[in-house]
Amino acid sequence: MVSHVLVVEPYADLRAGIVSVLQRIEYSCDAVGTVRDAVLRLHDHDYDYVVLDIDDPSAPMRDLVTSLDAHANLILITDRDPRELRAGDHAVLRKPFAREELVAYFAH
C-alpha cells in the first residue's frame, strides 16, 4: 500500500524538492503552498503524513497544526530551535536539512 503525503510549503523550490525526494522513495504526494489550499485538500483526501512548514508568517500554520493533530502524522519544518516549539509528539525537521534527514522520517 502506498502512503499518501501532503506537503504544505510556501516556497515553490523547497516544495518541489521535498516532493521529488518523497516520490523517489515511492510515496504519493500532493503539494500546496498555502494553508487555505491545505485545508481544501484535507477536506477531500486522507493523508498518512503531512509535511508542514510552520515558519510562513503570512499564514496561521499553528492553527493548521492544531486542527491536524488527530488526522495524520505531522512532520513540522522550521528554521527555529525545535526546543522553542510546542510540537507535542510531532516530528520536527530543522532547516536547512539534508535529503537523508527527511527520508529518515519516512523509514518503513
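The values are calculated or read from the model by the stated rules, or taken from the named source; none is laboratory data. These numbers were taken from a predicted model, which means no experiment stands behind them. Neighbour counts are summed over all protein chains in view; Cβ atoms, including those assigned to glycine, are modelled from backbone coordinates with ideal geometry.
For (1) surrounded by 14 or more Cβ atoms within 10 Å (Cβ to Cβ); (2) modelled with pLDDT of 85 or more, each residue gets a yes or a no:
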| position | (1), (2) |
| --- | --- |
| 31 | yes, yes |
| 56 | yes, no |
| 76 | yes, yes |
| 86 | no, no |
| 101 | no, yes |
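Inside segment 37-57, residues that are acidic (Asp, Glu) and over 21 Å from residue 106 (Cα atoms) make up a count of 4.
If I filter segment 19-50 down to residues being hydroxyl-bearing (Ser, Thr, Tyr) and in a strand (DSSP E or B), which single residue comes out as nearest to the chain's Cα centre (by Cα)? Ranking the qualifying residues of segment 19-50, first place goes to 49.
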